[in-house]
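The values are calculated or read from the model by the stated rules, or taken from the named source; none is laboratory data. Model, not experiment: these values are computed from the prediction. In this analysis, Cβ positions are derived from the backbone assuming ideal geometry, glycine residues included, and neighbour counts consider all displayed protein chains. The protein model used for the area step is the full one, side chains on, heavy atoms only, and it has no ligands, DNA or RNA in it. Shrake-Rupley method; radii C 1.70, N 1.55, O 1.52, S 1.80 Å.
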Amino acid sequence: MSTPPARTPLRPLDEALQDLLARAEPALPEQSVSTFEADGRVLTQDLCSPLDVPGHDNSSMDGYAVRCAELPAQLPVSQRIAAGSAAAPLQPGSVARIFTGAPVPAGADAIVMQEDVALLDDGRVQVKGSAAAGQWIRRRGEDVACGAVVLRRGQRLSPAELGLAASIGFDQLPVARRVRVALLSTGDELVMPGQVAPEAMPPGAIYNSNRFFLRALLLRLGCEVSDLGIVPDDRQATVQALAEAAQAHDLILTSGGVSVGEEDHIKPAVQALGELQLWQMAIKPGKPFAYGRVNHAQGFAHFIGLPGNPVSSFVTFLLLVRPFLLRLQGASGQWPAALSLPAHFNWPKADKRREFLRVRRNAQGGLDLFENQSSGVLTSAVWADGLLDNPPGRTIAYGDPVAFIALADLL
Ligand code: AMP
Ligand code: MG
């Protein structure tokens, strides 16, 4: 019989996250990618605008460009200005037909909507009311001023940022190269859907679900994923798989095998090949989280071991791996802001660990709790639209304000 391993104190999440981020020094090379392809990537340089946007005062309505001082009046139409064309100065005593986005002619100081103008038989227009100076005019530079820093280094690009970058003329963007991640699942019980039919499942076998959501989460974070399959619960096989995975990858991500059971080989394998720097968090779910390094001839690969239980794996990915990957790419602001919302349930039993409960917003503006909070019940992660961040030792009574983190902010 082997002696049980000595108990190490669990690491508080904030402290562990700080430690983790300090080890994720951004060191990925910069590359230039098409703005079309840059969704989800992280900028490595500030983007400074070489021009004003819009580049000229222009109309925000279909209508007529006027001089306010001449109104109300019946006036001839001296020119027609469509979007994309140049405007001549507005002749005194006339109006210009103008369309949305077209440049406002010099001398005009307002636009009158076409709905507020009557067309006369002789071709002139009648503007009945007055106009306020500047109305329906979009000013040059009101969106972006020439020389302004429009997007900062460290910004993670989403569709709106791509549009803004394009609006100042960037067809290529400087971004951090994708993080190369080797993904491994551990466990002799795991079989792959598609390889074994449900009715042919051997006793004790389960489908490998972690592999699917971890791969998808990694891809969403812009990683290049090498899915290296399933490692058996065997020390030598684990050492060999990790040593191979360390080649040509920035990060090795495993699930399972990182607890304290005799079939948990990840921890000793990492220690044999490098070092383990973090192990076991004071969070629920997700206690058996590990961080370390696996050395190879040219340096090292980061190592993160996630728990095997699917919900633990999912939650620790969102709370710890996501910020780590963003930081590796040089992204700023990795921790999402929590909302304060009332709990619409009771949670009478406090836990020593900080809990991340699977909850969902309801139509009354409160939070409902998924009834089964077991770390093996993946249905909870599908049902939930967020995590309730519950401090250690805290019970919750119906109506208490609690901290809600939307899952959408963690993807
Ligand atoms: P472990 O951390 O390896 O002891 O695994 C904890 C629990 O998670 C066990 O019930 C495993 O069967 C389960 N588990 C481990 N890996 C996976 C996986 N890839 N997909 C689904 N369940 C898993
Ligand atoms: Mg296992």
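Just the residues that are open to solvent by 50 Å² or more (accessible area, probe 1.4 Å) and more than 15 Å from ligand 1 (Cβ to nearest atom), please, taken from region 258-276.
Q271, A272, E275
Which residue, of R211, R139, R156, R180, is of a type in the set (D, E, K, R), surrounded by 18 or more Cβ atoms within 10 Å (Cβ to Cβ), more than 15 Å from ligand 1 (Cβ to nearest atom) and at negative phi? It would help to see each step written out before you state the result.
Working: R211 fails: more than 15 Å from ligand 1 (Cβ to nearest atom); R139 fails: surrounded by 18 or more Cβ atoms within 10 Å (Cβ to Cβ); R180 fails: surrounded by 18 or more Cβ atoms within 10 Å (Cβ to Cβ).
The conditions single out R156.
Does region 185-203 hold any residues that are open to solvent by 60 Å² or more (accessible area, probe 1.4 Å) and within 12 Å of ligand 2 (Cβ to nearest atom), and which are they?
The answer is D188, E189.
What number of residues within region 89-118 satisfy the criterion of being under 20 Å from A73 (Cβ atoms) and part of a loop (DSSP other than H, G, I, E, B)? Can you show your working first?
Restricting attention to region 89-118, the residues satisfying the condition of being under 20 Å from A73 (Cβ atoms) are 89-98, 104-118.
Pick out the ones that are also part of a loop (DSSP other than H, G, I, E, B) and you get 89-94, 104-109.
Result for region 89-118: 12.
Could you look through region 20-30, keep only residues that are part of a helix (DSSP H, G or I) and touching a Phe, Trp or Tyr at 6+ places or on another chain (Cβ under 8 Å), and pick out the one that is nearest to A282 (Cα to Cα)? Outline the logic, then answer.
So the first thing to find is which residues in region 20-30 are part of a helix (DSSP H, G or I), and the list is 20-23.
If we keep only those that are touching a Phe, Trp or Tyr at 6+ places or on another chain (Cβ under 8 Å) too, we end up with 20-21, 23.
Numbers: L20: 15, L21: 17, R23: 20 Å.
Among them, the one singled out is L20.
Before we move on, is A246 more than 16 Å from ligand 2 (Cβ to nearest atom), within 30 Å of D52 (Cβ to Cβ), open to solvent by less than 10 Å² (accessible area, probe 1.4 Å) and touching a strand residue (DSSP E or B) at 6+ places or on another chain (Cβ under 6 Å)? Lay out the reasoning, then the answer.
On the way: more than 16 Å from ligand 2 (Cβ to nearest atom): yes; within 30 Å of D52 (Cβ to Cβ): no; open to solvent by less than 10 Å² (accessible area, probe 1.4 Å): yes; touching a strand residue (DSSP E or B) at 6+ places or on another chain (Cβ under 6 Å): yes.
Judged against the criteria, A246 is not a match.
On the given criteria, is P342 within 17 Å of P285 (Cα to Cα), modelled with pLDDT of 95 or more and open to solvent by 30 Å² or more (accessible area, probe 1.4 Å)? Lay out the reasoning, then the answer.
Details: within 17 Å of P285 (Cα to Cα): no; modelled with pLDDT of 95 or more: yes; open to solvent by 30 Å² or more (accessible area, probe 1.4 Å): yes.
Criteria not met by P342.
Scan region 361-411 residue by residue and report those that are among the polar types (S, T, N, Q) and closer than 19 Å to N309 by Cα. If you could, list the steps in order and put the result at the bottom.
Within region 361-411, the first condition is being among the polar types (S, T, N, Q), and the residues that meet it are 362, 364, 372-375, 379-380, 390, 395.
Listed by number, the residues that qualify are N372, Q373, S374, S375, T379, S380.
Being aromatic (F, W, Y) and touching a Leu at 6+ places or on another chain (Cβ under 6 Å) is the filter here; which residues of region 352-411 pass it? Let's see the steps before the verdict.
The first filter runs over region 352-411 and keeps only residues aromatic (F, W, Y), leaving 356, 370, 383, 398, 404.
Correct list: F356, F404.
What tally of residues in region 345-388 results from selecting those that are part of a helix (DSSP H, G or I) and open to solvent by less than 30 Å² (accessible area, probe 1.4 Å)?
Of the residues in that region, 2 qualify.
Residues in region 249-257: is at least one of a type outside the set (K, R), exposed (fewer than 14 other Cβ atoms within 10 Å of the Cβ) and either within 14 Å of ligand 2 (Cβ to nearest atom) or touching a residue at least 60 places away in the same chain (Cβ under 8 Å) (or both)?
Here is the first cut: in region 249-257, the residues of a type outside the set (K, R) are 249-257.
Remaining after also requiring exposed (fewer than 14 other Cβ atoms within 10 Å of the Cβ): none.
No, because not a single residue in region 249-257 is of a type outside the set (K, R), exposed (fewer than 14 other Cβ atoms within 10 Å of the Cβ) and either within 14 Å of ligand 2 (Cβ to nearest atom) or touching a residue at least 60 places away in the same chain (Cβ under 8 Å) (or both).
Out of the helices (runs of 4 or more DSSP H) lying entirely within region 146-252, which hold 2 or more residues that are at pLDDT 95 or above and among the polar types (S, T, N, Q)?
Working: elements: 159-167, 210-220, 235-246.
Qualifying helices (runs of 4 or more DSSP H): 235-246.
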